[in-house]
Amino acid sequence: MRNGEVSFWWRARGGFPPRRPSLPRPEEADVCIVGAGYTGLWTAYYLTGMRPDLRVVVLEAAFAGYGASGRNGGWVTAALPGSRARYARGPRGADGVRALEAALRSTVDEVGRVCAAEGIAADFVKGGRVTVATSPTQLTRVRATLAHDRKWGDGEDVVRFLSRDEMRERINVAGALGGLYAPDSARIQPAALAEGLAAAAERRGADIYEATPVTAILPGTGGSGGVARTPFGDVRAKSVLRCTEGFTAAFPDARRALLPMNSSMVVTEPLPEATWKEIGWGGFETLGDEAHAYMYAQRTADGRIALGGRGVPYRFGSATDQLGETSPATAAALGDILRRMFPAAASAQLEHAWCGVLGVPRDWCAAVTYDAGSGMGWAGGYTGHGVAAANLAGRTLADLVLGMSSDLTSLPWVGHRSRSWEPEPARWAGVHGLYVLYRLADRLETPGEGAAASSGGQARVALGQALGRVGDTISGFPH
Ligand SMILES: Cc1cc2nc3c(=O)[nH]c(=O)nc-3n(C[C@H](O)[C@H](O)[C@H](O)COP(=O)(O)OP(=O)(O)OC[C@H]3O[C@@H](n4cnc5c(N)ncnc54)[C@H](O)[C@@H]3O)c2cc1C
């Protein structure tokens, strides 16, 4: 099995794209974007579309799509990257939250629209999102999630319950007891989207410089514009936007802003038609579960299962991986989940494993921020729901930079502030402790055939549920 090489998604495209040149000399720009992942690229794409006269420069440490944007599970999902209750504390209250959720739903279509308009062959299929419950406790959580969604006004068109039979008709997950279906989710090939988007932004006039790490971002004063410092010279611009999500902690002034949470994936070899007949999954839905240390998966366009989960959640001192290499133990654990959920694919080889980092703010709520005075802005902290959210954030940053007041700029994640993460070693101990708790809770909640009915089994399940709740309370994880 290959491990690392950034991701299977890049290997499937025949390796990394030809490297763009580094910044050739110090430059002046209207807008300087730091980071060529989805956030930076969408921002560049919309800004250059709205104002072709602007000089937009993107500075990327490695290559466009090197980060989470070229490594993710390929869910373009309308799932809220944060807590409804926390966003509702903003001035627009619950209405603001509903507006943000509606905007995220339409964002799924916007990503599909741009793929079609720009000829980006990213395997976009809007098949919806299925959440499967494989234990009675997970089923209870599914029902609680649905009740909560209904309280917030989500009707059957936004999310609906799937009986065991309905679930199995869509995707035959072993042990499935039921689930949820939300139509606003699409499957993509992540690296294809990143590569296509970078090319589309360039066609509109953005300049992307690769192998150009930004070592410091210096805010401007009195409308003079800020500076992005690189080994090849400074880029001075009226607006400087930090779009570095999981890598943000490397900037000294943002060390505790976003925790680089690690997520790992494995992918099978292409499965034969007979296996797909048993599994189903003809709708290409994005698939997740209701475990505390949850999994996410997609059926790829070339007939593989790509499945991800947490593994080692966090590296001490907010360190990040080397070219996406994950631990063999994590790859093995993901393989176990895959075989447990899909016995029909049990003999399939795992071809590739990799990992990446996503950004998690202390309150688990993403933000889009721009200060017109200093010209500094940033967006991120999507807590694992960043593919669609980065598009919405990019459109929003574009409006903010252009000084426009729009439906997007009044959404409650604009200007949202989260407190900082704890300093080390508390940060490392806290995150690792949390995932030890979550894994234990998942194990206890799934006592195995027959055992659940015994009084010992029930006590185990109750303990698992209690530990899960303790974990959620400590972490502030939104439900
Ligand atoms: C394994 C995995 C699976 C995921 N699955 C999903 C999913 O299925 N659906 C979903 O919605 N979300 C998912 N996510 C999250 C989602 O991929 C991210 O939230 C999203 O891609 C973030 O995009 P971004 O542009 O903000 O950051 P990134 O894509 O990480 O891009 C940041 C870029 O900034 C560059 N950079 C960093 N520091 C500097 C610097 N100093 N100077 C210049 N450039 C710099 C990096 O090289 C990188 O290219 C997943 C994440 C991971 C890691």
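The values are calculated or read from the model by the stated rules, or taken from the named source; none is laboratory data. All of these numbers come straight from a predicted model, not from anything done at the bench. Cβ atoms come from the backbone with ideal geometry, glycine included; neighbour counts cover every protein chain shown. The area values use the complete protein model at the heavy-atom level, side chains included, leaving out ligands, DNA and RNA. Shrake-Rupley method; radii C 1.70, N 1.55, O 1.52, S 1.80 Å.
Within segment 356-399, if we keep just the residues that are closer than 17 Å to residue 87 by Cβ and polar (S, T, N, Q), the residue that is modelled with the lowest pLDDT turns out to be 383.
If you go through segment 290-328 and keep only what is open to solvent by 20 Å² or more (accessible area, probe 1.4 Å), aromatic (Phe, Trp, Tyr) and part of a loop (DSSP other than H, G, I, E, B), you end up with just 294. When both residues are 6+ apart or on different chains and their Cβ atoms are under 6 Å apart, which pairs have a first residue that lies in segment 69-88 and is aliphatic (A, V, I, L, M), and a second that is away from the ligand (no atom under 11 Å from the Cβ) and not in a helix (DSSP H, G or I)? Correct list of pairs: 78/184.
Could you list, in sequence order, all residues of segment 178-210 that are touching a Phe, Trp or Tyr at 6+ places or on another chain (Cβ under 8 Å), within 13 Å of the ligand (Cβ to nearest atom) and assigned to a loop (DSSP other than H, G, I, E, B)? 188, 189, 210 - these are the residues of segment 178-210 that are touching a Phe, Trp or Tyr at 6+ places or on another chain (Cβ under 8 Å), within 13 Å of the ligand (Cβ to nearest atom) and assigned to a loop (DSSP other than H, G, I, E, B). Annotation: of all residues in segment 335-385 being more than 13 Å from the ligand (Cβ to nearest atom), under 23 Å from residue 310 (Cα atoms) and assigned to a strand (DSSP E or B), the one that is most open to solvent (accessible area, probe 1.4 Å) is 351. Scanning segment 242-249 for residues that are open to solvent by 30 Å² or more (accessible area, probe 1.4 Å), hydrophobic (A, V, I, L, M, F, W, C) and within 12 Å of the ligand (Cβ to nearest atom) turns up at least one hit. Only helices (runs of 4 or more DSSP H) whose full extent lies in segment 1-89 are considered here, and the ones with at least 2 residues that are touching an Asp or Glu at 6+ places or on another chain (Cβ under 8 Å) and within 7 Å of the ligand (Cβ to nearest atom) are 38-50. Restricting to segment 250-269, name every residue that is away from the ligand (no atom under 12 Å from the Cβ), of a type outside the set (A, V, I, L, M, F, W, C) and open to solvent by less than 10 Å² (accessible area, probe 1.4 Å). If the condition is that a residue be away from the ligand (no atom under 12 Å from the Cβ), of a type outside the set (A, V, I, L, M, F, W, C) and open to solvent by less than 10 Å² (accessible area, probe 1.4 Å), then 268 is the only one that fits. Do we have residue 165 as open to solvent by 50 Å² or more (accessible area, probe 1.4 Å), within 16 Å of the ligand (Cβ to nearest atom) and either assigned to a helix (DSSP H, G or I) or not polar (S, T, N, Q) (or both) here? Criteria not met by residue 165. In segment 387-420, the qualifying residues are those that are among the hydroxyl-bearing types (Ser, Thr, Tyr) and in a loop (DSSP other than H, G, I, E, B), and the one that is nearest to the ligand (Cβ to nearest atom) is 418.
Pairing each residue of segment 43-64 that is open to solvent by 10 Å² or more (accessible area, probe 1.4 Å) with any residue that is of a type in the set (Ser, Thr, Tyr), provided the two are 6+ apart or on different chains, yields C-beta distances under 7 Å for 54/48; 60/209; 60/212; 61/212. Close Cβ contacts (under 7 Å, 6 or more residues apart or on different chains) running from residues in segment 425-438 that are within 12 Å of residue 315 (Cα to Cα) to residues that are of a type outside the set (D, E, K, R) and in a helix (DSSP H, G or I) comprise 428/316. Count of segment 425-469 residues, restricted to those that are modelled with pLDDT under 75, part of a helix (DSSP H, G or I) and open to solvent by 50 Å² or more (accessible area, probe 1.4 Å), is 2.
Taking the condition at pLDDT 95 or above and in contact with a strand residue (DSSP E or B) (Cβ under 9 Å, 6 or more places away or on another chain), does residue 353 pass? Answer is yes for this residue. Among the residues of segment 411-423, those identified as surrounded by fewer than 14 Cβ atoms within 10 Å (Cβ to Cβ) and either among the charged types (D, E, K, R) or closer than 28 Å to residue 291 by Cβ (or both) are 417, 419.
Selection of first residues in segment 390-402 that are on the phi < 0 side of the Ramachandran plot and of a type in the set (Lys, Arg) and of second residues that are away from the ligand (no atom under 11 Å from the Cβ) and in a helix (DSSP H, G or I), restricted to Cβ pairs under 6 Å at least 6 apart or on distinct chains, gives the following pairs, ordered by first then second residue: 395/46.
From 93, 40, grab the single residue that is without any contact (Cβ under 8 Å) to a residue 60 or more places away in the chain, open to solvent by less than 50 Å² (accessible area, probe 1.4 Å), out of contact with any helix residue (DSSP H, G or I) (no Cβ under 7 Å at 6 or more places or on another chain) and not charged (D, E, K, R). On inspection, the qualifying residue turns out to be 93.
Inside segment 211-241, residues that are among the β-branched types (Val, Ile, Thr), part of a loop (DSSP other than H, G, I, E, B) and open to solvent by 10 Å² or more (accessible area, probe 1.4 Å) make up a count of 3. When segment 293-315 is limited to residues that are within 18 Å of residue 176 (Cα to Cα) and within 17 Å of the chain's Cα centre (by Cα), the one that is farthest from the ligand (Cβ to nearest atom) turns out to be 293.
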